[in-house]
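What follows is a short report on a single structure.
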Amino acid sequence: CLILSFFSRGKLGRYPPWPGKIVNPPKDLKKPRGKKCFFVKFFGTEDHAWIKVEQLKPYHPHKEEMIKINKGKRFQQAVDAVEEFLRKTKGKDQASSHNSSEEKNRRNSSEERGKQSAGEEKRKASLSEGKLKKGTGEGKKRVSSVSSERGSKSPLKRAQDQSPRKRGRPPKDEKDLTIPESSTVKRVMTGTVAGFKWPPSVSEPVKDSDPHFHHFLLSQTEKPAVCYQAITKKLKVCEEETGSTSIQAADSTAVNGSITPTDKKIGFLGLGLMGSGIVSNLLKMGHTVTVWNRTAEKCDLFIQEGARLGRTPAEVVSTCDITFACVSDPKAAKDLVLGPSGVLQGIRPGKCYVDMSTVDADTVTELAQVIVSRGGRFLEAPVSGNQQLSNDGMLVILAAGDRGLYEDCSSCFQAMGKTSFFLGEVGNAAKMMLIVNMVQGSFMATIAEGLTLAQVTGQSQQTLLDILNQGQLASIFLDQKCQNILQGNFKPDFYLKYIQKDLRLAIALGDSVNHPTPMAAAANEVYKRAKALDQSDNDMSAVYRAYIH
C-alpha cells in the first residue's frame, strides 16, 4: 500500500510529506504501544519508521498536491522511485499473467495429447483382437499397416507423443524470480488508512551492508528474521576481527516506542547545538535528566519539557548516576572537570562520567585518569553529526574506555543516535573522531573551491550541483552544503570555528606519529582565512567566502 507520511521532528517542526509503502517489520522489532500505527519504508531513502494512522494519507489522491508543495530534489527523487517501483511491479504482474496463460495452454495441450494417446491405445487393442480372430495373414497385414503409419511420423513427433511437452513452461530461474505478492501493490488506497489490513509486502533483495552499520536491515525479504540474524552474526565476526563493537541504535522514528529507558538518573552538561538535541531526545524516550549549562537561560526550555535543573556541574554529578558532557574544545572540557564546582568535585566511587566533546587524545586521557583516580568510571563518546541529526536522534557515537559503562549507556545512545561503536581503550574514539572530521572538513573546502571555480569560469553553479548529485559523490551533506552556498544561507548547523579546530587537532595527531596530512593542512589554511573574515560563528559551508574575498 503506497502512502504519504506526515510526522514531526521535534524542534525543527514537521517533515514534509514523504512517499512510502507499508511493509512488515522484522520479528525482532516490537510495535510501539498506544495508538495504531504501521511500519513504513520511505522511497528514495533507507529510512523506516513506525507511523501513526492519523499521520498517513493515500499516495495517489494526494500526489500532485504534494509535488506542488515540495520542490526539493530529494522529494522528486522519492516520487521517481515510487513510479519506478510501480513500473517494475506492473511488469512483474504482466509476466506472471503471461506465465499463467502459457501454463494453462500447456495443461490444455497435455489433456488433448492424453485423449489422443487413449484413442491410439484403443486402436492397438482392437488390432490385437483382430489378429487373434482373423488369423495370421490378415493380422500381419494390419500390423504392417500400423508399422508403416508409425514410420511416417518424424522422430520429434514420436518423442512428443512419448513424453510430456515442455514448451510454454517458464524456466526454473524465471519462476523463482516471480513475486506472487506483487499484485497487492496494485490496490490503490482510496479510503482512510485506518480501514486497511496489513498487506504482505513485496520481497526485495537484501543489500550487502557494512556489518558495523546494521540498520536492522529493514529491507523486506521473505524471511526477515533469518536475514536479521545473519547480519547480527556477521557483526559478531567483525567484532572478533577488528576489536570494535557497536550497539545498534534506535532510528529516531523507527523504534521510538521500543526503547526501554534506563532507570539510572542521567545528568547532562552543555546545551549547545549538539547537546540541546541530545537532551531533547533523552527526555522524549523517558529518561530522567538533570541539566546544567554555563548560560543558565538555555536550561529553561528543557525544564519545561521535564528536565531537572542542576546549579553546578559538581551538583549534577553528585545527584546523578551517569553524567554526560558535550562542550566545544579541549580547554572547555578541562575547565568543566577541573574548574571550580567542576565535575571532579562531584565524583565519588561508582559515579560515571561520559565526555561527548570532540577533543584530542591527550586531553581525554588526562580527564579519564583524574576521574578514575577518584573511584569514578569514565567513557569518551564523541559524536559524528550536526544540529539537525542531533535533533533527529540520528548521530553516530564513537565510544572508548569503560566497556561496562558503554553497555549501561545503551538506552541513552539509542535515544540520541542511529548507531554507536566501541573502539577499545581511552583515546581511540578521540583519534577516530578527529580523522572523521578531518575528512569532512577537507571535503567541504573542496566543494567550496569547485563552486567558486565554476563561477569564475562562467559555468553554472546550480548545474555543477545537479551533475554532482547524479554521480558517485551524491549525498545529503553535499546537497545541503551546496544549497547553503547557492542561497547564501550560512545559519550554523556545524560551526566553522569547530571544524577548523578539528582540522588543527587532526594535523597535530598526524605530526605526533610523523604522518603527513597535506590535504588537511591546505584546508585548514582556507578555514583560517574564513575565520579572519568573521565567519567563525557561521556554518562550515561559509568557508566559501574565503574564496570570493
Just to be sure before I move on: is M444 outside the structural domain of A361 (by the TED database) and open to solvent by less than 10 Å² (accessible area, probe 1.4 Å) in the structure I sent? yes
Right, D502: in a helix (DSSP H, G or I), free of Cβ contacts under 8 Å to residues at least 12 places away in the same chain and not assigned by the TED database to the domain that holds Q387 or not? no
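Residue-by-condition table, conditions (1) closer than 23 Å to G350 by Cβ; (2) surrounded by fewer than 23 Cβ atoms within 10 Å (Cβ to Cβ):
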{"residue": "L379", "(1), (2)": "yes, no"}
{"residue": "Q388", "(1), (2)": "no, yes"}
{"residue": "D392", "(1), (2)": "no, yes"}
{"residue": "L395", "(1), (2)": "no, no"}
{"residue": "D408", "(1), (2)": "yes, yes"}
{"residue": "S411", "(1), (2)": "yes, yes"}
{"residue": "K418", "(1), (2)": "no, no"}
{"residue": "M433", "(1), (2)": "no, no"}
If a residue must be of a type outside the set (S, T, N, Q) and not in a helix (DSSP H, G or I), how many such residues does the range 331-347 contain? 4
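The rows are residues; the columns are (1) among the aliphatic types (A, V, I, L, M); (2) in contact with a helix residue (DSSP H, G or I) (Cβ under 8 Å, 6 or more places away or on another chain).
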{"residue": "V370", "(1), (2)": "yes, yes"}
{"residue": "S390", "(1), (2)": "no, yes"}
{"residue": "V396", "(1), (2)": "yes, no"}
{"residue": "L423", "(1), (2)": "yes, yes"}
In the set Q459, Q480, Q472, which member is part of a helix (DSSP H, G or I), open to solvent by 10 Å² or more (accessible area, probe 1.4 Å) and out of contact with any Phe, Trp or Tyr (no Cβ under 8 Å at 6 or more places or on another chain)? Q480
All-but-one check, T452 against (1) polar (S, T, N, Q); (2) in the same structural domain as I476 (by the TED database); (3) out of contact with any Phe, Trp or Tyr (no Cβ under 6 Å at 6 or more places or on another chain); (4) in contact (Cβ under 8 Å) with a residue 40 or more places away in the chain, failing number (3)
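Given the options V364, V426, V359, V396, name the one that is in a helix (DSSP H, G or I) and over 19 Å from I266 (Cα atoms).
Details: V426 fails: in a helix (DSSP H, G or I); V359 fails: in a helix (DSSP H, G or I); V396 fails: in a helix (DSSP H, G or I).
Going through V364, V426, V359, V396 in turn, just one is in a helix (DSSP H, G or I) and over 19 Å from I266 (Cα atoms): V364.
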Kindly indicate which of M433, M416, M438 is farther than 27 Å from N281 by Cα and in contact (Cβ under 8 Å) with a residue 40 or more places away in the chain. M438
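Would you say V372 is assigned by the TED database to the domain that holds G277, β-branched (V, I, T) and surrounded by fewer than 18 Cβ atoms within 10 Å (Cβ to Cβ)? Reasoning before the result, please.
Numbers: assigned by the TED database to the domain that holds G277: yes; β-branched (V, I, T): yes; surrounded by fewer than 18 Cβ atoms within 10 Å (Cβ to Cβ): yes.
Answer is yes for this residue.
Here's the yes/no breakdown for (1) under 22 Å from F422 (Cβ atoms); (2) open to solvent by less than 20 Å² (accessible area, probe 1.4 Å):
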| residue | (1), (2) |
| --- | --- |
| I266 | yes, yes |
| T295 | no, no |
| A307 | no, yes |
| V317 | no, yes |
| A333 | yes, yes |
| S341 | no, no |
| V359 | yes, yes |
When the residues of the range 527-542 are narrowed to those that are among the aliphatic types (A, V, I, L, M) and under 33 Å from the mean Cα position of the chain (by Cα), which ends up nearest to N386 (Cα to Cα)? M540
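The values are calculated or read from the model by the stated rules, or taken from the named source; none is laboratory data. Because the structure is a prediction, the values reported are computed rather than measured. Note that we place each Cβ from the backbone using ideal geometry, even for glycine, and neighbour counts take in every protein chain shown. Ligands, DNA and RNA are stripped out before the accessible areas are found, and what is left, the full protein with its side chains, is counted by its heavy atoms. Shrake-Rupley method; radii C 1.70, N 1.55, O 1.52, S 1.80 Å.
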